[in-house]
Amino acid sequence: MQVAFLVAPAGAEQIELTEPWQAVLAAGGTPTLISTRSGRIQAFHHLDKADTFPVDRTVDAASVADFDALVLPGGVASPDALRLDKGAISLIASFFETGKPVAAICHAPWTLIEADMVRGRTLTSWPSLRTDIRNAGGTWVDKQVVVCTQAANTLVTSRKPADLPAFCKAMVEEFAR
């Protein structure tokens, strides 16, 4: 199981990166950190700088063909920056178009909205995104984890760090299918 983790150079919520990463490793998978720039990404704990992590591959060097699934960690700044990057949005859309599973938590559905991938889907997110999701044609629900199979690929979403145990469990189950 080859799993891409896509984040911006700064602003990913560290625990929303590290816990799913560890869940993929524990399931025998291989996670790969992708960003829009090479070097290291700066993770955050809410609004405070946390650790840095080495980028394995840049968006322009990443291909959906190399991966079985995609994880989009949250945090406010990372998804906001990614939704302005055409290469990142194209990569995200490619996972949907090829029917590969995607997991997104917290503010990460902003990138799905930008890629026009929430229309007709049921998902959850940080509550402040509910209007954005509805305006993009999705159905927003307030649940710990939502597994949506209403299209060619599976979409796993959760609201916040407290949902990580349920998110990681559902994500690993869906990625292993």
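For the reader, a short list of remarks on this structure follows.
- Under the Debye formula (equal points on every Cα, no solvent term), log10 I(q)/I(0) of the stretch 89-177 at q = 0.11, 0.21, 0.24 Å⁻¹: -0.24, -0.94, -1.23
- Considering only Ile34, Ala65, Val24, the residue lying farthest towards the positive end of the dipole of the stretch 1-127 is Ala65, judged by Cα position with unit charges set on Cβ.
- Placing +1 on each Lys and Arg Cβ and -1 on each Asp and Glu Cβ, with no other charges, gives the stretch 74-177 a dipole about its Cα centre of roughly 180 debye.
- The stretch 73-134 shape via C-alpha gyration tensor axes, a/c threshold 1.5: oblate
- Largest-first ordering by accessible area, 1.4 Å probe, given options Thr30, Thr58, Thr124: Thr30, Thr58, Thr124
- For the stretch 49-61, 3J(HN,Hα) computed residue by residue from phi via the Karplus equation (6.51, -1.76, 1.60; θ = phi - 60°) reads 4, 10, 8, 10, 9, x, 7, 7, 7, 8, 3, 5, 9 Hz, glycine and proline entered as x.
- Think of it as helices only: each DSSP H run of n ≥ 4 in the chain is worth -39500 (n - 2.57), and spread over all residues that comes to -9000 deg cm²/dmol at 222 nm.
- Across the protein chains, with a 1.4 Å probe defining accessible surface, the residues Arg130, Arg37, Arg177 rank Arg177, Arg37, Arg130 from largest area downward.
- For the stretch 56-114, applying the loop criterion from DSSP together with a ceiling of 11 other beta carbons within 10 Å to the trypsin sites (Lys or Arg not before Pro) yields no site.
- Residue-wise HN-Hα coupling along the stretch 158-172, computed from phi with Karplus coefficients 6.51, -1.76, 1.60 (Hz; x: Gly, Pro): 9, 8, 6, x, 4, 8, 4, x, 5, 4, 5, 4, 5, 4, 5
- Dipole magnitude of the stretch 16-87, debye to nearest 20 (Cβ charges: Lys/Arg +1, Asp/Glu -1, about Cα centre): 200
- Cross-link pairs beyond the 25 Å C-alpha cut-off, checked among Lys86/Lys143; Lys49/Lys143; Lys100/Lys160; Lys49/Lys100; Lys49/Lys169: Lys86/Lys143; Lys49/Lys143; Lys49/Lys100; Lys49/Lys169
- The chain: most fluctuating residue of Pro79, Pro20, Pro127 per GNM, C-alpha cutoff 10 Å: Pro127
- Gyration tensor verdict on the chain (Cα atoms; rounded if a/c is under 1.5, prolate if a/b is larger than b/c, oblate otherwise): rounded
- Top of Glu97, Glu16, Glu114 by mean-square fluctuation, Gaussian network on the chain, Cα under 10 Å: Glu97
- Across the stretch 133-177, the volume of the C-alpha convex hull divided among the residues equals 72 Å³ per residue.
- If only the Cβ of Lys and Arg carry +1 and only the Cβ of Asp and Glu carry -1, the dipole of the chain around its Cα centre is close to 280 debye.
- In this structure Phe96 has an accessible area near 20 Å², from a 1.4 Å probe over the protein heavy atoms.
The values are calculated or read from the model by the stated rules, or taken from the named source; none is laboratory data. These figures come from a predicted structure and were not determined experimentally. Methodologically, a virtual Cβ is constructed for each residue, glycine included, from the backbone with ideal geometry; neighbour enumeration extends over all protein chains shown. These area figures cover heavy atoms from the full protein model, side chains too; ligands, DNA and RNA do not enter into them. Shrake-Rupley method; radii C 1.70, N 1.55, O 1.52, S 1.80 Å.
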